[in-house]
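Here is the structure we will look at, set down as structure tokens.
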Amino acid sequence: MDFLRATTWAEALRMKADRPDATPVQGGTDVMVEINLDKGRPKALLDLTPVAELTEWSVESGNIRVGAGVTYTRVITELADRLPGLAQASRTVGSPQIRNRGTVAGNLGAASPAGDSHPPLLATGAIVEAESVDGVRMIPIGDFYTGVKRNALAANELIRAVHVPLRAGPQYFSKIGTRNAMVIAVCSFGIALNVAERTVGTGIGSAAPTPRRAVEAEAFLAENWSPGDPEVGRRFGELVAAAAAPIDDVRGSRDYRVHALAVMARRTLGWAWEEHRRTS
Amino acid sequence: MRVNVTVNGAPMVADDVWPGESLLYVLRERLGLPGAKNACEQGECGSCTVYLDGVPVCACLVAAGQAEGREVRTVEGLASAGGDLDPVQEAFVECGAVQCGFCTPGLIVQAHSLIESHDGVPADAEIREHLAGNLCRCTGYEKILDAVRLAARRKAGL
């Protein structure tokens, strides 16, 4: 194994072009677990933590451009007002020590269906900024997840940032787990209401081979814009559950996940609508 | 490969480091600092918690090369040079917050980071949340909470 240490973004891109087999590492909260437990051994590690550009976030044309080195702790403390869904999901990641190291970009790189960042990124319609020596590619989040722990990155590409639309209404994240820390989601759900446009975004986690939207549920609510109506909420929940394709595994059964998703979708819609009524 | 890292204020050099090695392994096996404990090796237990550039992290999940040029503070670096225990360590001793002792170094570093960053006495919910990544299998949590409250009260002059 080799250890490559990039000190600038340009150097990181050159290293990745020379060594497409290198695994990029930020917080190490996924990559080092694989190595420590001998589940996988990369040919090389490409350390991106010295790249200062990656640790910044900025406001760009209605989005927050979150650099690939911004930790969950910073999403929570610095971006909760503008990206509430992503900040709520970040609060449920691991423990304080894990949140001090882990990054949203690392979650995207690992592309686990259970990753906590994915539902709010899907619900808000985020865009992944990937870059290689050949140039920049803006990948819509819906096209990014291609399979279990697979994503749309080319072998020479690195994640530079993720562009997350600024809050346009209430956002909520809900996650089922056995305790309030150090939990991989049994299943999870993210919702983002856009009250002005009368639309809703959704994201389902840990209940299909990839994180995914509940497109029919989104269309149903847009056509029946009465989020406070219990019958609409119930049907919305059913349609979210119908969009999932969960399996039975050690963390939960298929049937439990389907049921829990319907409940989480109905409840988060209720919370979001209640917040809208309270604040408007 | 070689890793240069400042540990508890002293510049140190580790040689023959395997590129997939963790900071925890370097501290314990190459630099003679066994305070941070090696248990789960997957960030679940918090026994290996150390400060990296002032931020508490699981040393088992930091690649050794990522510590190059950085500052690490371990549980060994909390007491004064003269050997006086840190107030958090004293509170753990006084409250009987140590049973088998394996989780203690990680808990002390993590509790230290809470008390250092907090004015006054944190609410119980805040203490629990802050320590949620540190497991004690002797189930000694009540005494541990007592110790954190005591250390916080003393720091606040109460």
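Listed values, structure above:
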| item | result |
| --- | --- |
| Among the candidates A:209, A:140, residue that is in the same structural domain as residue A:85 (by TED's automatic domain parsing) and touching a Gly at 6+ places or on another chain (Cβ under 8 Å) | A:140 |
| Segment A:40-63 - residue that is hydrophobic (A, V, I, L, M, F, W, C) and either away from chain B (no Cβ under 14 Å) or loosely packed, with under 15 Cβ neighbours inside 10 Å (or both) and, of those, nearest to residue A:3 (Cα to Cα) | A:52 |
| Condition met for residue B:107 (in contact (Cβ under 8 Å) with a residue 40 or more places away in the chain and within 14 Å of chain A (Cβ to nearest Cβ)) | yes |
| Unmet requirement for residue A:76, which otherwise passes all of (1) among the hydrophobic types (A, V, I, L, M, F, W, C); (2) under 20 Å from residue A:275 (Cβ atoms); (3) crowded, with 24+ Cβ neighbours inside 10 Å | (3) |
| Among (1) closer than 25 Å to residue A:14 by Cα; (2) crowded, with 24+ Cβ neighbours inside 10 Å; (3) within 14 Å of chain B (Cβ to nearest Cβ) - the single one residue A:110 does not satisfy | (2) |
| Pair list, Cβ < 6 Å and 6+ apart or interchain, from segment A:81-105 residues that are within 13 Å of another protein chain (Cβ to nearest Cβ) and closer than 17 Å to residue A:33 by Cα to residues that are assigned to a loop (DSSP other than H, G, I, E, B) and modelled with pLDDT under 95 | A:94/A:182; A:95/A:181; A:95/A:182 |
| Pair list, Cβ under 7 Å, 6 or more apart: segment A:9-29 residue within 14 Å of chain B (Cβ to nearest Cβ), other residue basic (Lys, Arg) and outside any helix (DSSP H, G or I) | A:21/A:43; A:22/A:43; A:27/A:101; A:28/A:101; A:29/A:101 |
| Selected residue (criterion: farthest from the other protein chains (Cβ to nearest Cβ)) from residues of segment B:53-62 that are without any contact (Cβ under 8 Å) to a residue 60 or more places away in the chain and touching a helix residue (DSSP H, G or I) at 6+ places or on another chain (Cβ under 6 Å) | B:59 |
| Tabulated pairs, segment A:52-63, first under 14 Å from residue A:162 (Cβ atoms), second of a type in the set (Lys, Arg) and assigned to a strand (DSSP E or B), C-beta under 7 angstrom, 6+ apart or interchain | A:57/A:65; A:58/A:65 |
| Boolean, residue A:76 is at pLDDT 95 or above and more than 14 Å from every other protein chain (Cβ to nearest Cβ) | no |
| Helices (runs of 4 or more DSSP H) completely within segment A:4-100 that count 2 or more residues being within 26 Å of residue B:47 (Cβ to Cβ) and not assigned by TED's automatic domain parsing to the domain that holds residue A:190 | A:31-36, A:72-79, A:84-91, A:96-99 |
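Here's the yes/no breakdown for (1) more than 21 Å from residue A:96 (Cα to Cα); (2) more than 10 Å from chain A (Cβ to nearest Cβ):
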position	(1), (2)
B:9	yes, yes
B:22	no, no
B:28	yes, yes
B:34	yes, yes
B:47	no, yes
B:65	yes, no
B:78	no, yes
B:91	yes, yes
B:99	yes, yes
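The values are calculated or read from the model by the stated rules, or taken from the named source; none is laboratory data. Predicted model only: the values in this text are computed from it and were never measured. Every residue, glycine among them, receives a Cβ derived from its backbone with ideal geometry; neighbour counts consider all protein chains shown.
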